[in-house]
1. Sort shortest first the distances from A:Asp60 to its counterpart in every other copy, using label points 7 Å along the Cα-to-beta-carbon line, and give them in nm.
2. Compute a Gaussian network model of chain D, connecting alpha carbons closer than 10 Å, and tell me which residue from D:Ala159, D:Ala112, D:Ala87 fluctuates the most.
3. Can you tell me, using C-alpha contacts under 8 Å and at least 6 residues apart, the relative contact order of chain D as a whole percent?
4. Please give the average number of partner chain Cβ atoms lying within 10 Å of the Cβ of each residue in C:55-63, rounded to a whole number.
5. How large is Rg/Rh for chain D, to two decimals, with Cα atoms and a Kirkwood Rh?
6. Binning at 20 Å from 0, report for the protein assembly as shown what percent of all alpha-carbon pair distances ends up in each bin.
7. Between A:Ala59 and D:Ser189, how many nm apart are label points set 7 Å from Cα along the C-beta direction?
8. Quick one: net charge of A:Ser231's neighbours, Cβ under 14 Å, K/R +1, D/E -1?
4 protein chains.
Amino acid sequence: MTIKVAVAGASGYAGGEILRLLLGHPAYASGELEIGALTAASTVGSTVAELMPHLPQLADRVIEDTTKEVLAGHDVVFLGLPHGFSAEIANQLGPDVTVIDCAADFRLTNAADWSKFYGSEHAGSWPYGIPEMPGHREQLRGSKRVAVPGCFPTGATLALLPAVQADLIEPDISVVSITGVSGAGKKASVPLLGSETMGSLKAYNTSGKHRHTPELTQNLKEVTDKDVTISFTPVLAPLPRGILTTATAPLIDGVTQEQARKVYEDFYADEPFVLVLPEGVQPQTQNVVGSNMCHVQIEVDTVARKVLVTSAIDNLTKGTGGAAVQCMNLALGFEETAGLPRTGVAP
Amino acid sequence: MTIKVAVAGASGYAGGEILRLLLGHPAYASGELEIGALTAASTVGSTVAELMPHLPQLADRVIEDTTKEVLAGHDVVFLGLPHGFSAEIANQLGPDVTVIDCAADFRLTNAADWSKFYGSEHAGSWPYGIPEMPGHREQLRGSKRVAVPGCFPTGATLALLPAVQADLIEPDISVVSITGVSGAGKKASVPLLGSETMGSLKAYNTSGKHRHTPELTQNLKEVTDKDVTISFTPVLAPLPRGILTTATAPLIDGVTQEQARKVYEDFYADEPFVLVLPEGVQPQTQNVVGSNMCHVQIEVDTVARKVLVTSAIDNLTKGTGGAAVQCMNLALGFEETAGLPRTGVAP
Amino acid sequence: MTIKVAVAGASGYAGGEILRLLLGHPAYASGELEIGALTAASTVGSTVAELMPHLPQLADRVIEDTTKEVLAGHDVVFLGLPHGFSAEIANQLGPDVTVIDCAADFRLTNAADWSKFYGSEHAGSWPYGIPEMPGHREQLRGSKRVAVPGCFPTGATLALLPAVQADLIEPDISVVSITGVSGAGKKASVPLLGSETMGSLKAYNTSGKHRHTPELTQNLKEVTDKDVTISFTPVLAPLPRGILTTATAPLIDGVTQEQARKVYEDFYADEPFVLVLPEGVQPQTQNVVGSNMCHVQIEVDTVARKVLVTSAIDNLTKGTGGAAVQCMNLALGFEETAGLPRTGVAP
Amino acid sequence: MTIKVAVAGASGYAGGEILRLLLGHPAYASGELEIGALTAASTVGSTVAELMPHLPQLADRVIEDTTKEVLAGHDVVFLGLPHGFSAEIANQLGPDVTVIDCAADFRLTNAADWSKFYGSEHAGSWPYGIPEMPGHREQLRGSKRVAVPGCFPTGATLALLPAVQADLIEPDISVVSITGVSGAGKKASVPLLGSETMGSLKAYNTSGKHRHTPELTQNLKEVTDKDVTISFTPVLAPLPRGILTTATAPLIDGVTQEQARKVYEDFYADEPFVLVLPEGVQPQTQNVVGSNMCHVQIEVDTVARKVLVTSAIDNLTKGTGGAAVQCMNLALGFEETAGLPRTGVAP
C-alpha cells in the first residue's frame, strides 16, 4: 500500500527542501512512499528541471495549481504556503489526510497573540512540531495535523528549554539570532537581493516586532511557571543557510558550569538530532548545513552573572523541511530519523 | 563478513567528505561496512567532535598517526594525503587491500608529464576513476587500486568528452574553471584566508602552470586521434564548494545546435551522475552542492563559430570524495550509486 | 560660478556610485560643484537617509520624479536610467547641458547592431567614455554628450586593446567575465536574490546573447583592420562588486612574453587608472573595490600557443560611476583624476 | 616643513588601511605629509605591488624590518604590531615623535585587568582614541602618544555611551557583536580560511574571554557611577569588513522611545562620524564600508522592558585605521575629518 504525498508550495524553499529529503527517504527508495502532486502559484506550468535542477529525479514533473482538486487523493499533504492561504487550503483537506503545515497558522495557541502579530482571525492550533519538547513527541505520533515550528523558535527553543526547565536562568532572556538569507523565502524583493545582503549585516524586525517572538515565549512557558520575557533581535547575515542563536539570561545564584552542562547533556541524551558539543567547541552553522541537527553549547559566565547558550541549525532543514519530515515520520509511524541526515555538508 | 574501511588524511576536506558519504552509505547502515582507523598528521590525538563536528556519529573517534601499522587490517584504505606521501603509504599496503587514492600520484600515465609538473619520480599509474569515460567503468570494477581524478579535470572532462569524441569541435580548447575555496585544502595560508578570498576573484596558476592541465589533456586524448591543446585558467571565487567550468573551442563547420545537443544526450543517457540540462538552463553550482552530480550544458555559437560547454560539480563530492566512493562501489561490487546523493543542497 | 549637477536614477546603483564619488570630489568640497536634483521612479518621495544611508551628507534630500522640469536648470545631468527611457529623457535636455548617460542608448555606432540586440530604434551615438582608447580622451574633452561604456566592455577592452592593436594575438577571442551581482542593478528579481547568488556560480546570456558583445567588438575594431570575433561568456559570482575578465586568444607566431609585456607597459605608461601588475601577480578584484582602477596582467602561453590577458575592475566604479565622473572631469575641464580613488578598499 | 610618517606593520590589515587613508589625505596631496618607512616582519624585502596592489601609488616601495633605526627620523609613527612587541618598539621612540599605537598595550588603565587578560606586565596607558567620548578629544589634541581603541569596543562604546551616561538603562548589558573576518588579522590560520568562514557563523571567545571586554567596561565606567556588567559575545560572520553590534540592557522605568532618541540625537549632534539613523532604519554594515562612520539606532522595547542599541562600523576604518588617522589629525592639529570618508562603499 503506497503512501501518496503532495507538496503545496513546491517551488519555494520549504517545498524544495521537503522534496530533497523525501527523495532520500528509505520509504521513497522502497516504493512505500510516492511523490504526487507538486503545486504552487506563479510557477504553474514550469518543470522541476527549470525551477529546481537540484532535484534531478523529478526533472520532468510539472508544477500544478494549488487547489483542493489537485491535492485530493493524497495521503499526506505538506503545505509550504504563505500564512492565511495555508489555513484556507488546510481547511479544505479531509480529516483522514495527514496535513503538515510549514506556515504559522496553527502554531500559536493564544488567539490574542495571533491577532496582535498577524492581524487576522486565529485559525486554531495543532500539535506543534518540536518533538524534543516534553510531551510533544507523543502528541505528534499518529497525528493527522502538524504545525511545523518557525525556524528562529526552533533554534532558540532547543537552546533554552533545558535551562528554563531546570531553573538555571531567570527567564528574562536576550536572544540574538543571526540567519542566512533563505529564511526570508524565494520572493523577489530589493532588500533581499544579493547586492544588498552579501558583505553586509543588518538587524530587522527588532524589539518584539518579529512574529516568531510569541512562538518562542509560548514554547518556553510550557516548561516553567515563571513569567517569560524575551528580547528578540534577528540579524540577516551573508550566507544562504544557517541560524546561529545566542541567548543570554541572568544566572540563578549558585548554578555552576558543571551543573549547567549536566542539565543539557541529560536533557538531550536520547535525542538523535541535538548534539551538545564538547566544552570549548562553539556551534558553527556550516557543520549542520543540509542536516537535521541542532548543535548546542552552554556556558556559565560568573563574572557577568549570565548564562550564554548558543545553537546552530540549518533554517531550511531542522528549521523547516527537516522538522516537517521528522513530524511526518512520527505521524505515519516511520522511524523518526528516517531520511534525515545527521551529517552536515561542511565546509 | 564486514568490510573495514580506513581513511588516511581523515581530518582534511577530502577525508571529511569521504566520511560524510560513508556515514550515509546503505552498507554502513546495514553493518556490512565499518569505519575503522582515521589517520592524519598534525591533528593526531584530537577527536572528531573537536575537528569535524559535522560528523556526529564519529564524535568520539580519535585521530591516529598515518602509518602502515595503523592502516593494517583494513579491507579498504582511502588516501586523502599530499602527493608523494600518498604513493609512499600506498606502496606499503598489501595487494589485497583496496586502495583508493585521492592524491595525484597515480593519475598520469606519462612519466615525463609527471616529472615536469610535480618535479619528482613517477610512481606509476592506476585505473583512473572517472567511470563515465569510455572503458573506465570496466577497469574500475573489482580493481584493488584506484586513482581518483582531480577536481578540475573531472568537471572539464565530463564537459568536453562528448564534443571531442564526436568531433563537434577542434580540440584547441580554452577552459576557464571557477572554483570555490575548499579545493585548495585545509592548510593555513594567507592567500586562502577568508579576508583574502571573500568578496574577491583571482586567476592563479595560469597559462599551463596548473598541475591539472596534463591530466585533462590525457583524458581527452583517450577519445580522439587529433592533437589536444588546452589553455587552462583556474579562478578562485568566494564560495566554499563548487566548480563552474566554461570551455570554448572552435566549432567544426556544419555542426548544428541540434546535433551537438543530441551527442550529449546520447553520451550521458544512462549515466546516473551526469545531467544534461534543458536548453536555456545553465548549470549553477548550488544545484550540485553535496551531491555527486555533474550538470552540463552545450551551446553552438554560430556567430563566433565556437562551441561553449559549461559544467557544474561540487569539487569535494563528484570532484573528490563522491568520486572516491563511486569508485569504491565499483571496486567492491556495490551498486555504483550507493550512498551518493543525486540531489543538491540548494539554495 | 557654481556648476549644478543632477542625477537621474539616483537611487539605483549607478546613481548611488556617482553620488558617492561626487561627494568626494574636490570641486564639491570647494563649492564649485553643487549636487542638485536627485530623481528616480519607484522611490519618489523617500529620503536619501532611508534609501542610501551610505551617503550621510545627502541624508535629508528627497527623491523627485524624473521629468524634464525637475532636471531643468542643471549644468550637468547624469542619467542612470533604463535604456530607452534614457534616450527619451536625454532628447529633452538642451544642447548646453552636459549629459552623461550610463545607459546603452548612445554607445553603439551601428544601427543594425542596436536593433538586433535591443530590438528598438537606434537613438544615435555619442562620444564613448573610455578615455584610454586611442583618440577618445580628445573627443571627450569639452563634450556636451557622453556615452558611458558598459561594465563588461570596459574590463575587456582595457584588457585587450594593446594586444589587438599591436598584433600580439589573432582577434578571435574567448572572453569569460566573472562579475559581482551589483552589475545586474537594484531591481527585485528571484534569480538575483541573495539565496540564489551566494554560494553559487552561473553563466548567463551566453553564446553571444549578452548585449555587451557588440560593444566590445566595436571597441576592438577601432584598433585593428582584421575581423574581430568574440565568444563572450559572462558568469555571475557571489560578491557584491568586481569583474574579473579572462581573455584568451591565439598567439601570433614569434611573439614573446617580453614583447607582450612591453606592449602593455608602453600602452598604459601614462594612464592614471590602468596598472599593469608585476609579473606573477594576477589581478584580484578586491584590490580595485571602490576605486577607478583597472589592474591588468598579460601572459604568453607557448605550450597552448595562446595569450591570456586578465583584468580586474569594480563594475560600479571604473565600470560605471567612476567612468562617468572621469568623463565629467574631461567634459568640464577639471583634472581628469579629480575625485577618483586609485586605492582599493581591500580586503 | 614636511611631516614624515612611518607605518610599522605596514603589510597587515591595520597598516594597509592606514596607508589607504593617508594616500587620500589632503596633507599627502599637498605634500605637507610624506609617507616614509614601511616596516613589517615576514614580508621584509617584498614590494607593495606584490603585497598590496590596492595601493598603486606605493607600488615600488619595499618593506623594511621593524627596528628603531628604520623608524628613526620620522615625525609620526603608526604601530600596527602584535601587542607586546608594540610596547617594546614604542618605548624606543623618542618623546617628540607622535606615536599612534593600534595594538592593545596602552589602552587599559588598570594593570590588574591587563595582567588578567594579556598575561604580561602592564606597559601603562595613553590617551585613548575615541574622540567622541567626553573629554577625549581634548586629551588627543596635540598628544604625542595615542592608544587606538579595539574594533569591538569602538562599535559598542559609541552604541552605549549616551544610554549609560543619561541613565536610560541599567548598565547590565548583553552585547553581541558580529564581525567580518578581517578583524582577526592577516595571519595564516585554519579557522580563518575562506573554507571555514564562508557560509558559516560561529561565536568565539565567549563568556568574558575576549580581551575587548575590559576595554568596553572601562569606557562605559567613565560616564557612570554605577557598576557596569558586560556579557560580551563576539560572532564571526562571512564578510570581509564590518561589525554589527547589538546591545540589550534593562530599561529604566519610565524612559520613553522619544526620550531615548533625543538623548542620542543630542549626544551626537556635532559628531561628524556618528549618524543616528531615522526611526525604522537599522544600521547595515555595507553602508559604512571603507568609511569612518558609525551608524547607530536606539529602540525602547516596552514589552520586554529592554533597550536595544545597534551600531555598524567598518572594523578596519572607524574600528582601526580610520580612528588612527582621526587621532593623528587631532594630534597634529589638522582638521579632525581630513582624509576620512563619510560615504560608505555600498553595495
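Where a number appears in this text, it was derived from the coordinates with a stated rule and is not lab data. Predicted model, so just to flag it, every value in this text is computed and none were measured. Cβ: placed from backbone, ideal geometry, glycine included. Neighbour counts: every protein chain shown.
1. Sorted ascending, the copy-to-copy spacings read 4.9, 6.7, 6.9 nm.
2. D:Ala112
3. Numbers: 788 pairs, mean separation 61.0, N = 347.
It rounds to 18 percent for chain D.
4. Numbers: counts 5, 13, 2, 1, 3, 1, 0, 0, 0.
For this peptide, the per-residue mean of nearby foreign Cβ atoms is 3.
5. Working: Rg = 19.6 Å, Rh = 20.4 Å.
Answer for chain D: 0.96.
6. 10, 38, 39, 12, 0
7. Placing both labels 7 Å beyond Cα along the Cβ direction yields 4.6 nm.
8. On the way: positive: A:Lys209, A:Lys306, D:Arg305, D:Lys306; negative: A:Glu170, A:Asp172, A:Asp227, D:Glu170, D:Asp172, D:Glu299, D:Asp301.
With Lys, Arg at +1 and Asp, Glu at -1, the neighbours total -3.
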